[in-house]
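Below is one structure, written out as structure tokens; the observations come after it.
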Amino acid sequence: SPDARLRFAREAQSAGTLRHQNIVTIFDVDEHESLPFIAMEYIDGETLAEIVRRGAPIPIAKRLQWIEDLCSGLAYAHRQGVIHRDIKPANLMVDAEGTLKILDFGLARRDESKFTQSHVIIGTPNYMSPEQFRGGDIDTRSDIFSVGAVLYEVLTYTAAFPGSVHQAMHKIMNESPPPIESLVPWLDSRVPRIIQRALEKRVDDRYRDLTAMKNELVEIRQRMQTVADENQVTVVAGSKRATP
């Protein structure tokens with residue numbers, strides 16, 4: 001259909017110029033017997049949606065690192081003037097080495113004037129920003145809201161804004177997700193504040209860019225790993241003392 005071809009061409013145009021380790025690489029765009037195709041990097045791995053669905057026992061520090069990868073790749077896309085507009089677990093894949101890759105730029109828009117006028121609702125309802133539902137002007141901070149929703153889900157394995165289209169829209173426009181502390185009580189106290197800021201209803205109350213959000217996550221993850229290493233040393237040292 002014309003709409004499908006337009007989306008296909010948009011993905012090729014938007015993602016085809018992006019070269020970043022956390023974004024799927026597009027090698028070629030062409031047609032074969034009147035059928036358009038995109039030749040892209042093959043990723044041996046699984047999506048975050050699949051990981052969440054099976055409740056994989058992944059360390060919290062590793063999950064935070066995935067979101068750092070997401071922030072890195074998306075911040076790069078933003079600097080190139082590309083707004084993704086459909087960040088969700090199903091569009092994020094973790095490869096065999098544990099690196100996250102951003103997929104599907106079919107809804108992406110070039111941000112030539114620092115904002116894009118949509119005037120129609122575009123995206124996946126459970127991860128859309130309030131301004132996407134309103135069909136108004138959006139900028140890179142719309143993607144930041146979606147990253148906040150993904151971070152919440154990756155840490156809790158529970159959607160931040162579950163339900164049907166209308167249910168998700170009401171929650172996103174009027175409510176906050178259940179406190180993450182009630183689902184992950186041992187989480188660093190700074191993580192809920194990061195999620196809250198990313199999910200602010202007012203655009204101006206969110207992070208201005210994803211680099212700032214990433215830097216805060218890096219600091220938390222590194223502190224968690226330091227504490228884990230110290231605890232491991234203590235356990236090993238204790239076991240040695242107990243050894244005859």
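The values are calculated or read from the model by the stated rules, or taken from the named source; none is laboratory data. Please read all numbers here as calculations on a predicted model, not as lab measurements. Note that each Cβ is placed from the backbone with ideal geometry, even for glycine, and that neighbours are counted across all protein chains shown. Remember, those area values only see protein heavy atoms, side chains included, never the ligands or the DNA or RNA. Shrake-Rupley method; radii C 1.70, N 1.55, O 1.52, S 1.80 Å.
Just one of (1) open to solvent by 40 Å² or more (accessible area, probe 1.4 Å); (2) farther than 22 Å from Glu219 by Cα; (3) among the basic types (Lys, Arg) fails for Arg85. It is (1). Exactly one residue out of Leu64, Leu100 is in contact with a Lys or Arg (Cβ under 6 Å, 6 or more places away or on another chain) and at pLDDT 95 or above, and it is Leu64.
For segment 30-68, taking the residues that are over 18 Å from the mean Cα position of the chain (by Cα) and of a type in the set (Phe, Trp, Tyr), the one that is farthest from Gln225 (Cα to Cα) is identified as Phe37. Checking each residue in segment 201-210 for being outside any loop (DSSP other than H, G, I, E, B) and open to solvent by 60 Å² or more (accessible area, probe 1.4 Å) picks out Asp204, Asp205.
Any idea which of (1) farther than 22 Å from Asp69 by Cα; (2) at pLDDT 95 or above; (3) not polar (S, T, N, Q) is the one Ile180 doesn't satisfy? If we test Ile180 against (1) farther than 22 Å from Asp69 by Cα; (2) at pLDDT 95 or above; (3) not polar (S, T, N, Q), just (1) comes out false.
Of the residues Ile195, Ile172, Ile180, Ile144, the single one that is touching a Lys or Arg at 6+ places or on another chain (Cβ under 7 Å) and in contact (Cβ under 8 Å) with a residue 24 or more places away in the chain is Ile144.
Would segment 145-164 turn up any residue that is in contact with a His (Cβ under 7 Å, 6 or more places away or on another chain) and either of a type in the set (Lys, Arg) or at pLDDT 85 or above (or both)? Looking for residues that are in contact with a His (Cβ under 7 Å, 6 or more places away or on another chain) and either of a type in the set (Lys, Arg) or at pLDDT 85 or above (or both), one finds none in segment 145-164, hence no. Test Ala39 against the criterion of being touching an Asp or Glu at 6+ places or on another chain (Cβ under 9 Å) and surrounded by 13 or more Cβ atoms within 10 Å (Cβ to Cβ), and give yes or no. In short, no. None of Ala90, Ala49, Ala61 is open to solvent by 10 Å² or more (accessible area, probe 1.4 Å) and in contact with a Ser or Thr (Cβ under 8 Å, 6 or more places away or on another chain) except Ala90. For Pro192, the conditions (1) more than 18 Å from Arg63 (Cβ to Cβ); (2) at pLDDT 95 or above all hold with the exception of (1).
Looking at Phe27, Phe8, just one residue is open to solvent by 40 Å² or more (accessible area, probe 1.4 Å), touching a residue at least 40 places away in the same chain (Cβ under 8 Å) and closer than 25 Å to Cys71 by Cα, and that residue is Phe8. Looking at segment 151-169 only, could you name the residues that are open to solvent by 20 Å² or more (accessible area, probe 1.4 Å), of a type in the set (Val, Ile, Thr) and in a helix (DSSP H, G or I)? Matches in segment 151-169: Thr156, Val165.
Tally the residues that are part of a helix (DSSP H, G or I) and of a type in the set (S, T, N, Q), restricting the search to segment 42-78. Adding up the residues that qualify gives 2.
Matching residues to (1) exposed (fewer than 15 other Cβ atoms within 10 Å of the Cβ); (2) touching a residue at least 60 places away in the same chain (Cβ under 8 Å); (3) basic (Lys, Arg):
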position	(1), (2), (3)
Ala12	no, no, no
His20	no, no, no
Glu31	yes, no, no
Leu35	yes, no, no
Arg54	yes, no, yes
Tyr76	no, no, no
